[in-house]
1. Taking loop as defined by DSSP and a crowding limit of 15 other beta carbons within 10 Å, which trypsin sites (Lys or Arg not before Pro) in the chain fit?
2. Would you mind checking which residues have amide H under 5 Å from A39's amide H? H placed 1.01 Å from N; only 5 or more apart, or other chain.
3. Which one is right for this structure if Cα Rg over 2.2 N^0.38 Å is calculated from it: (1) 1.21; (2) 1.70; (3) 1.29?
4. For L14, list long-range residues whose amide hydrogen, built 1.01 Å from N in the peptide plane, is under 5 Å from its own amide hydrogen.
5. In the chain, what GluC sites (Glu not before Pro) fall in a loop by DSSP, with at most 16 other Cβ atoms inside 10 Å?
6. If you place +1 on the Cβ of every Lys and Arg and -1 on the Cβ of every Asp and Glu, how big does the dipole about the Cα centre of the chain come out, in debye to the nearest 20?
7. Equivalent ellipsoid semi-axes for the stretch 1-43, as square roots of 5 times the alpha carbon gyration tensor eigenvalues: give them largest first, rounded to whole Å.
8. When the Karplus curve 6.51 cos²θ - 1.76 cosθ + 1.60 is applied with θ = phi - 60°, which whole-Hz ³J(HN,Hα) does each residue of the stretch 33-39 get, with x for Gly and Pro?
Amino acid sequence: MTAVTVALREYPELLIYSYPGVAMSWQEEVIHLQGTLKAKRRDLIQEELERIVKYQSKGDLASPEQVLSYLNKRETVF
């Protein structure tokens, strides 16, 4: 969402694509947020959603609708 937000603001013609990595266990404990949060991946989902809402309310992140619109538009370019 952050990458799309920046692209929409700075360079909307840019086409951003994800690069899938290796699947990892949802049960594994990981360190997140510059080492400030340690939890199992599955337990980080709610916290991440709360951060998304917080940053969207401040205007720092595009809305889910804007992000999905960008991703869908990107697919029709070629």
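Read-outs throughout are calculated quantities, based only on the coordinates presented, and are distinct from any laboratory measurement. Quick caveat, the model's predicted, so the values are computed rather than measured. Ideal geometry is used to build each Cβ from the backbone, glycine not excepted, and the neighbour counts take in all protein chains shown.
1. Details: sites: R9, K38, K40, R41, R42, R51, K54, K58, K73, R74; in loops: K58.
Within the chain, the qualifying trypsin sites (Lys or Arg not before Pro) (loop, at most 15 other Cβ atoms within 10 Å) are K58.
2. Correct list: V30, H32.
3. (3)
4. The list, which skips near neighbours in sequence, is empty: none.
5. Passing both the DSSP loop test and the Cβ count: E13, E28.
6. On the way: 10 positive and 11 negative charges, 12 e Å.
Here the size comes out at about 60 debye.
7. Numbers: eigenvalues 168, 40, 9 Å².
Output for the stretch 1-43: semi-axes of 29, 14, 7 Å.
8. 6, 6, x, 8, 9, 10, 6
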